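The values are calculated or read from the model by the stated rules, or taken from the named source; none is laboratory data. The structure presented is a predicted model; accordingly, all values stated were derived computationally and were not measured. Don't worry about glycine lacking a Cβ; one is built from the backbone with ideal geometry, like all the others, and counts go over all protein chains shown. Each accessible area value is taken on the protein alone, full model and side chains, heavy atoms only, with ligands, DNA and RNA left out. Shrake-Rupley method; radii C 1.70, N 1.55, O 1.52, S 1.80 Å.
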Amino acid sequence: MKIMIVEDDKTIRNIISKELKTWGYEVFEVLDFENVLEDFKNEDPDLILLDIILPNNNGYYWCGTIRTISNVPIIFISSKSENIDQIMAMQMGADDYICKPFEVSLLIAKIQALLRRTYDFTNNANVIKAGDISLLTDRAILTYKNEEIS
């Protein structure tokens, strides 16, 4: 799973990126804050971590712009901690909001929960395939060429 980080603070971006990589995520760090939409289209991430205060356009703008073409999960990470900022983020299409400073372990937990709810990881989790033979382990059903075998 690929996570796109849109954060202009290099220290915070590096901390998040390093932690995500240790959890096995692929990471794309936005460095050109004028072309966030182009980066999004090119990278096709599974989740976005988005700051509000950015050079050029703010995170609200980028969230709204991305929402016109995608329902990718978006978590805002911001030093803006007023309720109105969080409400605005949610109204622009955010799925979650974390105030800085934050615990990285909480961020990872929220990312994992949001990815679990967004993407179907169960389709092949209980299926073992070998050629035309499939075993549905959760239901103990064996199929050959999509025909159930007793």
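Table for the structure above
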quantity	calculated
Matching option when the condition is open to solvent by 90 Å² or more (accessible area, probe 1.4 Å) and not in a loop (DSSP other than H, G, I, E, B), among R116, R139	R116
Cβ-Cβ under 6 Å pairs, at least 6 apart or on other chains, segment 7-29 side within 18 Å of F76 (Cβ to Cβ), far side outside any strand (DSSP E or B) and among the aromatic types (F, W, Y)	none
Restricting segment 7-32 to residues that are touching an Asp or Glu at 6+ places or on another chain (Cβ under 6 Å) and under 21 Å from R67 (Cβ atoms), the residue that is most open to solvent (accessible area, probe 1.4 Å)	F28
Condition met for I66 (in contact with a helix residue (DSSP H, G or I) (Cβ under 8 Å, 6 or more places away or on another chain), within 21 Å of E19 (Cβ to Cβ), open to solvent by less than 70 Å² (accessible area, probe 1.4 Å) and in a helix (DSSP H, G or I))	no
Scan of segment 33-63 for residues that are among the hydrophobic types (A, V, I, L, M, F, W, C), buried (at least 20 other Cβ atoms within 10 Å of the Cβ) and under 16 Å from the mean Cα position of the chain (by Cα), ordered by number	V36, F40, L47, I48, L49, L50, W62, C63
Residue list for segment 90-109, filter: in contact with a Cys (Cβ under 7 Å, 6 or more places away or on another chain) and aliphatic (A, V, I, L, M)	M92, A94
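For (1) of a type in the set (D, E, K, R); (2) in a loop (DSSP other than H, G, I, E, B), each residue gets a yes or a no:
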site	(1), (2)
E34	yes, yes
E38	yes, no
Y60	no, no
K129	yes, no
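Condition check ((1) among the β-branched types (V, I, T); (2) in contact with a Phe, Trp or Tyr (Cβ under 6 Å, 6 or more places away or on another chain)) across all residues:
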| position | (1), (2) |
| --- | --- |
| I15 | yes, no |
| E19 | no, no |
| W23 | no, no |
| E29 | no, no |
| L37 | no, no |
| L50 | no, yes |
